[in-house]
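The values are calculated or read from the model by the stated rules, or taken from the named source; none is laboratory data. These numbers come from a predicted model, not from an experiment. Cβ placement follows ideal geometry from the backbone for every residue including glycine, while neighbour counts extend to all protein chains displayed.
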């Protein structure tokens with residue numbers, strides 16, 4: 001894999017999860033710059049935090065949240081260097097998946113350099129846990145995600161994804177879901193969603209799923225995005241049980257420490 005940026009500026013406008021207007025613009029960045037938000041804040045494990053069921057970069061009023069879908073699109077397309085300028089506390093929600101960001105980067109035009117990117121391959125198994133929830137990884141030739149997610153009631157979903165085999169088709173379209181308490185404010189019309197929502201237990205979900213295991217796939221998509229805080233491909237088989245952004249970021253920080261110790 002070599003470093004990559006975009007050829008030209010491109011912009012996406014919409015609303016955030018509260019229904020407020022939000023815009024984001026991506027622009028070319030020099031090789032080795034990494035992904036930078038709003039004047040240079042790096043997308044890195046140390047700069048990231050979990051905020052209101054999303055991943056944020058920065059702190060306080062300077063934080064920009066809901067960056068995981070853009071990072072997932074960058075990960076899937078191999079974009080390592082990018083300048084990102086956003087207007088609002090969050091990036092646009094789009095349809096709740098990474099597809100709008102795949103299309104945004106497509107409009108910007110991905111261009112690759114000759115500079116190689118060294119993969120991160122942990123030499124030993126890595127584990128982070130929180131109660132019964134955990135993320136573990138063992139060395140492997142390519143990234144593979146095995147995710148188990150528990151929905152309200154006795155429902156459990158499992159998905160096994162190999163992003164290199166079809167990220168834009170198999171993982172990027174998986175849409176997010178909301179906790180009922182958090183989804184009571186903005187309406188479907190305010191969120192500009194082209195599909196209907198329904199309540200199922202504590203969750204608000206699309207009425208017609210794109211995948212039978214869409215909820216689990218979106219958990220895997222979020223993890224895939226949060227892993228790009230590392231800025232380099234991970235060669236590991238990753239097992240996740242009920243992952244979330246806080247646990248994802250802890251896992252990325254653990255991998256970052258392994259990288260720094262070499």
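As an exercise: evaluate residue 201 against (1) surrounded by fewer than 19 Cβ atoms within 10 Å (Cβ to Cβ); (2) in contact (Cβ under 8 Å) with a residue 60 or more places away in the chain; (3) over 25 Å from residue 36 (Cβ atoms) and give the number of the one condition it does not meet.
(2)
List every residue pair whose Cβ atoms lie under 6 Å apart, where the two residues are 6 or more positions apart in sequence or sit on different chains, the first residue falls within the range 34-62 and is on the phi > 0 side of the Ramachandran plot and at pLDDT 90 or above, and the second residue, located anywhere, is buried (at least 20 other Cβ atoms within 10 Å of the Cβ) and part of a loop (DSSP other than H, G, I, E, B).
Qualifying pairs under 6 Å: 34/231.
Name the residues in the range 6-29 that are over 19 Å from residue 95 (Cα atoms) and not in a strand (DSSP E or B), would you?
Listed by number, the residues that qualify are 7, 8, 9, 28, 29.
Return yes when residue 162 is free of Cβ contacts under 8 Å to residues at least 40 places away in the same chain, in contact with a helix residue (DSSP H, G or I) (Cβ under 9 Å, 6 or more places away or on another chain) and either crowded, with 19+ Cβ neighbours inside 10 Å or more than 20 Å from residue 251 (Cα to Cα) (or both) and no when it is not. Quick ask: steps written out before the conclusion?
On the way: free of Cβ contacts under 8 Å to residues at least 40 places away in the same chain: yes; in contact with a helix residue (DSSP H, G or I) (Cβ under 9 Å, 6 or more places away or on another chain): yes; either crowded, with 19+ Cβ neighbours inside 10 Å or more than 20 Å from residue 251 (Cα to Cα) (or both): no.
Spelling it out, it is not the case that residue 162 is free of Cβ contacts under 8 Å to residues at least 40 places away in the same chain, in contact with a helix residue (DSSP H, G or I) (Cβ under 9 Å, 6 or more places away or on another chain) and either crowded, with 19+ Cβ neighbours inside 10 Å or more than 20 Å from residue 251 (Cα to Cα) (or both).
Go through the range 165-174 and give me each residue that's at pLDDT below 95 and either closer than 24 Å to residue 203 by Cα or surrounded by 14 or more Cβ atoms within 10 Å (Cβ to Cβ) (or both).
Once the filter is applied, which keeps residues that are at pLDDT below 95 and either closer than 24 Å to residue 203 by Cα or surrounded by 14 or more Cβ atoms within 10 Å (Cβ to Cβ) (or both), the range 165-174 yields 168, 170.
Can you say whether residue 3 is part of a strand (DSSP E or B) and buried (at least 21 other Cβ atoms within 10 Å of the Cβ), as far as the supplied structure shows? Walk me through it before giving the result.
On the way: part of a strand (DSSP E or B): yes; buried (at least 21 other Cβ atoms within 10 Å of the Cβ): yes.
So residue 3 fits the description; yes.
Is it the case, given these coordinates, that residue 208 is surrounded by fewer than 24 Cβ atoms within 10 Å (Cβ to Cβ), in a helix (DSSP H, G or I) and either at pLDDT below 95 or in contact with a helix residue (DSSP H, G or I) (Cβ under 6 Å, 6 or more places away or on another chain) (or both)? Full working, then the answer.
On the way: surrounded by fewer than 24 Cβ atoms within 10 Å (Cβ to Cβ): yes; in a helix (DSSP H, G or I): no; either at pLDDT below 95 or in contact with a helix residue (DSSP H, G or I) (Cβ under 6 Å, 6 or more places away or on another chain) (or both): yes.
Spelling it out, it is not the case that residue 208 is surrounded by fewer than 24 Cβ atoms within 10 Å (Cβ to Cβ), in a helix (DSSP H, G or I) and either at pLDDT below 95 or in contact with a helix residue (DSSP H, G or I) (Cβ under 6 Å, 6 or more places away or on another chain) (or both).
Could you list, in sequence order, the residues of the range 153-164 that are in a strand (DSSP E or B) and modelled with pLDDT of 90 or more?
Answer for the range 153-164, where residues must be in a strand (DSSP E or B) and modelled with pLDDT of 90 or more: 157, 158, 159, 160, 161.
Would you check which residues across the range 64-96 are at positive phi and at pLDDT 95 or above and list them?
66, 78
For the range 57-74, give me each residue that is in contact with a helix residue (DSSP H, G or I) (Cβ under 9 Å, 6 or more places away or on another chain) and crowded, with 17+ Cβ neighbours inside 10 Å.
Answer for the range 57-74, where residues must be in contact with a helix residue (DSSP H, G or I) (Cβ under 9 Å, 6 or more places away or on another chain) and crowded, with 17+ Cβ neighbours inside 10 Å: 57, 58, 67, 68, 69, 70, 71, 72, 73, 74.
Filtering the range 75-91 down to residues that are within 18 Å of residue 48 (Cβ to Cβ) and touching a helix residue (DSSP H, G or I) at 6+ places or on another chain (Cβ under 9 Å), which residue is surrounded by the fewest Cβ atoms within 10 Å (Cβ to Cβ)?
Taking the candidates together, the pick is 89.
Restricted to the range 106-143, and to residues that are surrounded by 19 or more Cβ atoms within 10 Å (Cβ to Cβ) and under 26 Å from residue 178 (Cα atoms), which residue is farthest from the chain's Cα centre (by Cα)?
Among residues in the range 106-143 that are surrounded by 19 or more Cβ atoms within 10 Å (Cβ to Cβ) and under 26 Å from residue 178 (Cα atoms), the one farthest from the chain's Cα centre (by Cα) is 128.
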